[in-house]
């Protein structure tokens, strides 16, 4: 049995596919960012040998769909994380039964061992090829590439096509040598999609699939995917009474008492860490005039993601981030070189105008709160401060048993500010990594428009990668655009460096990830209810309340089940709510003032005095560990 199976009590992998008729949950199981530009549409996403196999399988799937449904118009079919998809415009909705027929036709193509053959056509012939075959989406891609070449003053490259058997598609490649090189595959789901990710463009049908190099790999993936459905935070959030979503405020969570308790527990832990590190907590307005965002550069680079509000013929927006407003607090008085570092933390409520089709539970929302901070340092302090911030990340993630990995994202093409400042910031970050002896990978051109950054990644219990925290070294946007200065030891005006950092990131997203990572069974310190006291009969209720009081005196979160249900039902209900400890009280336990705790995993622990039990749980909770 795998480690995951041990933790969750589930069986080991088998080859059964998860149900394909649960579209309301499918989008959480695929990493498939929408593509908009012509270059993105033409990108097969094939950057490794396995990616090439996945992209090749997408072509084989498109061949099968066209054969089964003549007149189909083709969108795009890239490789994605763990699989592939292809978008189609068809005359009728596809059903799960259609997937079986498509799979059967694909299997025949694989068995036929058809080679993938590349050929090039002059641009005009390439366009005519797809126009004659009534493939308007392919024609649009070629027209956009031609327009881009004209705008850039370059010549349009030849049109590249790949053919296997009777099927030929617009494609840059690469592919496997032949269809026989495609490993075990499975079609997984049907979902809706818009052409180029734009809800104003034609609606398409997307078929997701996966392919692996061995049957064992495929079986393992199908098991992980089925397990991910069981752990889906949207399902567990309702079952555990943590939060809900309602159409009166799309993309904004309604936090129930238990969910809010998780929120506040995480927040309290971070505040304690920040107090040790000398942060000062601030709070800034949610509604901000557009002139602030024009000054910061967000209005030119981010305005589509902002909610605008018109007030007395002036334009405001709900803030999508906290950073520019922190400068007003910084500039409220003259700063000396002796004042640094200055660390401002803020739990700011943010709003981003995400498209409705991209919203996904807690992991993609319109309203969220970040554990945000802006740290102002002298240049000579940056290396040590970033090293300390990396330590904060490691400590915070250790509370939930996660090991962070680090990536360094460098200057993007649309960067603002002096290139020399960017070069300096990137060099200082490299020095900070070296001083902290932390390894990292480089993500070229993936920084924000105003700063290079450090991105933090984790793998959850199912091996899925998540991008979490971020640390950005800003020499441009806040210091330069908001004219931040301090007086150095020689009495001269100097610019500080601003560090933007969030460790949890969005608390909504962080909690959603933790729900799935722990399958709702949070470690004791984070569990919304840490213990339930179960009186066997009504005459035991007063003693149960007394024991609950002993536990609460230690700061523990306790409930007493005073319902008229039978004892076994009460225990089962507490287990279903993932409560770490249950204590059954009857005559014998009350007379001896002992507790015989039972864990949610079903382990019966030895009897111990009430005070001893309470002290033990309180110590375990304070330790903030993962048992």
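The values are calculated or read from the model by the stated rules, or taken from the named source; none is laboratory data. All values reported here derive from a predicted model rather than from experimental measurement. Ideal geometry is used to build each Cβ from the backbone, glycine not excepted, and the neighbour counts take in all protein chains shown.
Just a yes or no: is a residue in region 299-319 surrounded by 13 or more Cβ atoms within 10 Å (Cβ to Cβ), touching a residue at least 60 places away in the same chain (Cβ under 8 Å), outside any helix (DSSP H, G or I) and assigned by TED's automatic domain parsing to the domain that holds residue 365? No. Before we move on, is residue 322 at pLDDT below 95, out of contact with any helix residue (DSSP H, G or I) (no Cβ under 7 Å at 6 or more places or on another chain) and buried (at least 17 other Cβ atoms within 10 Å of the Cβ)? When the stated conditions are applied, residue 322 passes them.
No other residue among 429, 369 is touching a helix residue (DSSP H, G or I) at 6+ places or on another chain (Cβ under 9 Å) and surrounded by fewer than 20 Cβ atoms within 10 Å (Cβ to Cβ) apart from 369.
For region 289-298, which residues satisfy the criterion of being over 12 Å from residue 323 (Cα atoms) and either out of contact with any helix residue (DSSP H, G or I) (no Cβ under 7 Å at 6 or more places or on another chain) or not assigned by TED's automatic domain parsing to the domain that holds residue 477 (or both)? Across region 289-298, the qualifying residues are 289, 291, 294. If only residues of region 577-611 that are at positive phi and within 40 Å of the chain's Cα centre (by Cα) are counted, the one that is modelled with the highest pLDDT is 578. With respect to the conditions (1) more than 30 Å from residue 368 (Cβ to Cβ); (2) touching a strand residue (DSSP E or B) at 6+ places or on another chain (Cβ under 8 Å); (3) surrounded by 20 or more Cβ atoms within 10 Å (Cβ to Cβ), residue 225 lacks only one, and its number is (1).
Taking the condition over 30 Å from residue 418 (Cβ atoms) and in contact with a helix residue (DSSP H, G or I) (Cβ under 9 Å, 6 or more places away or on another chain), does residue 549 pass? Spelling it out, it is not the case that residue 549 is over 30 Å from residue 418 (Cβ atoms) and in contact with a helix residue (DSSP H, G or I) (Cβ under 9 Å, 6 or more places away or on another chain).
Residue count for region 591-614 under the criterion of being more than 21 Å from residue 523 (Cβ to Cβ) and out of contact with any strand residue (DSSP E or B) (no Cβ under 9 Å at 6 or more places or on another chain): the result is 3.
Just to be sure, is residue 513 touching a residue at least 12 places away in the same chain (Cβ under 8 Å), assigned by TED's automatic domain parsing to the domain that holds residue 298 and part of a helix (DSSP H, G or I)? Judged against the criteria, residue 513 is a match.
Residues satisfying the criterion are present in region 46-58 (criterion: surrounded by fewer than 23 Cβ atoms within 10 Å (Cβ to Cβ) and part of a loop (DSSP other than H, G, I, E, B)).
Could you grab me the full set of residues in region 558-576 that are farther than 16 Å from residue 611 by Cβ and in contact with a strand residue (DSSP E or B) (Cβ under 8 Å, 6 or more places away or on another chain)? Correct list: 559, 560, 561, 562, 567, 570, 571, 574, 575.
Only one entry of 498, 527 meets the criterion of being crowded, with 23+ Cβ neighbours inside 10 Å and either free of Cβ contacts under 8 Å to residues at least 12 places away in the same chain or touching a strand residue (DSSP E or B) at 6+ places or on another chain (Cβ under 6 Å) (or both), and that entry is 498.
The set of residues in region 387-403 being farther than 15 Å from residue 499 by Cβ and buried (at least 18 other Cβ atoms within 10 Å of the Cβ) consists of 396, 397, 399, 400, 402. For residues in region 240-254 being over 21 Å from residue 558 (Cβ atoms) and surrounded by fewer than 18 Cβ atoms within 10 Å (Cβ to Cβ), which is farthest from the chain's Cα centre (by Cα)? Restricting to residues being over 21 Å from residue 558 (Cβ atoms) and surrounded by fewer than 18 Cβ atoms within 10 Å (Cβ to Cβ), the top hit is 248. Condition check for residue 343 on (1) at pLDDT below 95; (2) over 26 Å from the mean Cα position of the chain (by Cα); (3) buried (at least 19 other Cβ atoms within 10 Å of the Cβ): one failure, at (1).
Residue count for region 166-203, restricted to those that are farther than 23 Å from residue 92 by Cα, under 30 Å from the mean Cα position of the chain (by Cα) and surrounded by fewer than 21 Cβ atoms within 10 Å (Cβ to Cβ): 5. Each residue in region 62-85 was checked for being within 20 Å of residue 196 (Cα to Cα) and either outside the structural domain of residue 191 (by TED's automatic domain parsing) or in a helix (DSSP H, G or I) (or both), and 1 of them qualify.
All of 130, 88, 137 fail the test of being part of a strand (DSSP E or B) and within 22 Å of residue 201 (Cα to Cα), apart from 88. Selection of region 277-288 for residues being surrounded by 15 or more Cβ atoms within 10 Å (Cβ to Cβ) and either part of a strand (DSSP E or B) or out of contact with any strand residue (DSSP E or B) (no Cβ under 9 Å at 6 or more places or on another chain) (or both) yields only 288. Within the bounds of region 117-124, is there any residue that is out of contact with any strand residue (DSSP E or B) (no Cβ under 8 Å at 6 or more places or on another chain) and part of a helix (DSSP H, G or I)? So far as region 117-124 goes, yes, one or more of its residues are out of contact with any strand residue (DSSP E or B) (no Cβ under 8 Å at 6 or more places or on another chain) and part of a helix (DSSP H, G or I). Listed by position, the strands (runs of 3 or more DSSP E) inside region 522-608 whose residues that are outside the structural domain of residue 266 (by TED's automatic domain parsing) and farther than 22 Å from residue 241 by Cα number at least 2 are 581-585. Which of the residues belonging to region 326-362 are touching a helix residue (DSSP H, G or I) at 6+ places or on another chain (Cβ under 7 Å) and not in a strand (DSSP E or B)? If the condition is that a residue be touching a helix residue (DSSP H, G or I) at 6+ places or on another chain (Cβ under 7 Å) and not in a strand (DSSP E or B), then 327, 340, 341, 347, 352, 353, 361, 362 are the ones that fit.
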